[in-house]
Amino acid sequence: MSSILFINGPILTMDPQVSEAEAVLVENDRIRAVGTLQELACLAPDAERYSLKGQCLLPGFVEAHIHVWKVGNLQTHTLDLRGTTSIPDLQERLRAFAAERPDATWVQARGFNEAAMLERRMPTRKDLDAAVPDRPVLVQRTCAHILVLNSLALEHAHITAQTPTPAGGEICLGPDGNPNGVLTETAQGLGFRAAPVFSEADYVTMVSAATETLLAHGFTTATDPGVMPDLLAVYRKMEMEKRLKMRFNVMPIRLPDGGTTALPLPDRSSSDFLTINTVKFFADGGLSGKTSAVSRPYRGTMNEFGVLRLPPDFFYELAHEPHEKGWKIATHAIGDVAIEGILSTYERLYRETPSPARHRIEHLGLPNSDHLKRVAAAGIAVVPQPMFLRELGGNFRQYLDDAFLAQCYPMRSMLEAGITVAFSSDAPVVKGIHPLENLHAAYFRRDLAGGVIT
């Protein structure tokens, strides 16, 4: 039996009764005891002693909402466009990436933010055609709720002016009445279905790359929300083969983009490194791209209210089965309209079938005071992203009216309402995943230009 005794450094326990300790005893990769050096030395006199040399030891951080494979995808397979400053900059990056990969049948990228670009507009198929005219190009906005295709990709996806628009999505048209390449929300599925699929080996590479990044930031547990069946199978295989190096809570997606029929519920499971007990839904889009469902039009527009992907009645139909079977449910809801629909449905589910399962609302971007009271009363957990305020706050100040800004990601109000709150990054929507920087963003609420979101 291997034993290690950690000593000689501040050891923070996160236990309010005993906040610091002198030593930690680990046996066979498990913490056996925390206490004084004398107590733990008696428990394991032959333990190897590891001196922290004054460095701080504390429990590993938990990343409550991060798209693990997508973080790894940007590190290994897909062009990272975060930080793009203009349309020409985006085009040059695409050209260079395509030139480096002459054998790639498609060029895929993610990460632009039009509000941070010189032109302050969405790129279109013509912009992508000018960069890479000879191969299909698929570029996703940083929020992952808007997709842009070039002309060849539109052809491969068979998207024309006559293509029916999926419920909860948009096929945007240009002045000529033809698709301009921009697809929002559920309509993204039309584009992704035409693109090459990732292999099992690809997913293993992505998950492994992201794991190293998470571990380097002090995370020992992460939730990957909204995975398709092929990726879920990869997680299960990696767990069976003991290839997972940290704990993962993986949420199967219930309704794929562009779909109208729920995917079958997989088997629930729980082990030391993999938990599968929560299904994921999307009720609306992203706030930074004006696709979150809101009750008032976005600033500077007359009729842009975002996209409601899951009307309450449809959500109830899809959520009833997992709720009845004891699954937890986690639902992406940012705009106040989406929050109301999800919250009222959760309340109905709990009222009709009481359950100990604690459901979640992911993001909770624009709740009002009534929403906060009801969330607390229902015992619903929420998972907001303070880093959005820093990296996407410029979008919020540009797109939201003053009243919405005052209720935008109100972390303190959530806590004061008695809600269970777990901060997260939602990377790769944002670059910053450091847990302490996330706390800093929650406290100071400043965007990258120094503007305060209040």
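General observations
- Ordering GLY174, THR84, LEU154 by Cα displacement along the dipole of the range 78-192 toward the positive end leaves THR84 in first place; charges were set at the Cβ atoms of Lys, Arg (+1) and Asp, Glu (-1).
- With respect to the chain, whose longest principal axis is taken over its alpha-carbon atoms, helix 312-324 is tilted by about 30°.
- Computed from point charges on the beta carbon alone (+1 for Lys and Arg, -1 for Asp and Glu), the dipole magnitude for the range 200-444 about its Cα centre is near 400 Debye.
- Using only side-chain charges placed at the Cβ, +1 for Lys and Arg and -1 for Asp and Glu, the dipole size of the range 222-322 relative to its Cα centre rounds to 380 debye.
- Put simply, when 433-439, 258-264 are sorted by average Cβ atoms within 10 angstrom per residue, most first, you get 433-439, 258-264.
- Each part gets one Cα centre, and for the range 290-340 versus the range 235-286 those centres are 20 Å apart.
- The value of relative contact order for the chain, using C-alpha pairs under 8 Å at least six residues apart, is 12 percent.
- Sites ASP89 and VAL62 - FRET efficiency at Förster radius 41 Å, r taken between beta-carbons, to 0.05: 0.70
- Against the chain, whose longest principal axis is taken from its Cα atoms, helix 200-216 shows a tilt of about 50°.
- Degrees between helix 435-444 axis and first principal axis of the chain (Cα, 0 to 90, nearest 10): 70
- Each residue of the range 173-178 was assigned a 3J(HN,Hα) from its phi angle through the Karplus expression (A = 6.51, B = -1.76, C = 1.60, θ = phi - 60°), giving 10, x, x, 7, x, 9 Hz with x at Gly and Pro.
- Alpha-carbon centroids, the range 396-434 and the range 8-44: separation in whole Å: 35
- Extension gain from VAL18 to LEU263, taking 0.36 nm per residue of separation minus the Cα-Cα distance: 83.6 nm
- Between LYS245 and ILE31, the C-beta separation translates, for a Förster distance of 30 Å, into a calculated FRET efficiency of about 0.95.
- Shown for VAL307, VAL234: other C-beta atoms within 10 Å of each C-beta, ranked fewest to most, produce the order VAL234, VAL307.
- Ignoring lysines fewer than eight residues from LYS328 along the same chain, the ones with Cα atoms less than 27 angstrom from its Cα are LYS70, LYS237, LYS242, LYS245, LYS280, LYS373.
- For the range 78-192, size of Cβ-based charge dipole, Lys and Arg +1, Asp and Glu -1, in debye: 160
- Least to most buried among VAL137, VAL227 (fewest other Cβ within 10 Å first): VAL227, VAL137
- GLN38-GLU119 pseudo-label distance in nm [points 7 Å out on the Cα-to-Cβ vector]: 7.3
- Candidates PRO136, PHE192, VAL294 compared by Cα position along the dipole of the chain: farthest toward the positive end lies VAL294, with charges placed on Cβ.
- Mean-position separation - Cα centroids, the range 93-131 and the range 356-394, in angstrom: 33
- Among 210-220, 336-346, the peptide with the highest mean count of other Cβ atoms within 10 Å heads the list, and the full ranking is 336-346, 210-220.
- Multiplying each eigenvalue of the alpha-carbon gyration tensor of the chain by 5 and taking the square root yields semi-axes of 38, 26, 23 Å, largest first, rounded to whole angstroms.
Taken together, the values in this text are just the output of simple stated rules run on the coordinates, not laboratory data. Since the model is a prediction, treat every value here as computed from it, not as a measurement. When we count neighbours, we look across all protein chains shown, and the Cβ atoms used for this are built from the backbone with ideal geometry, even at glycine.
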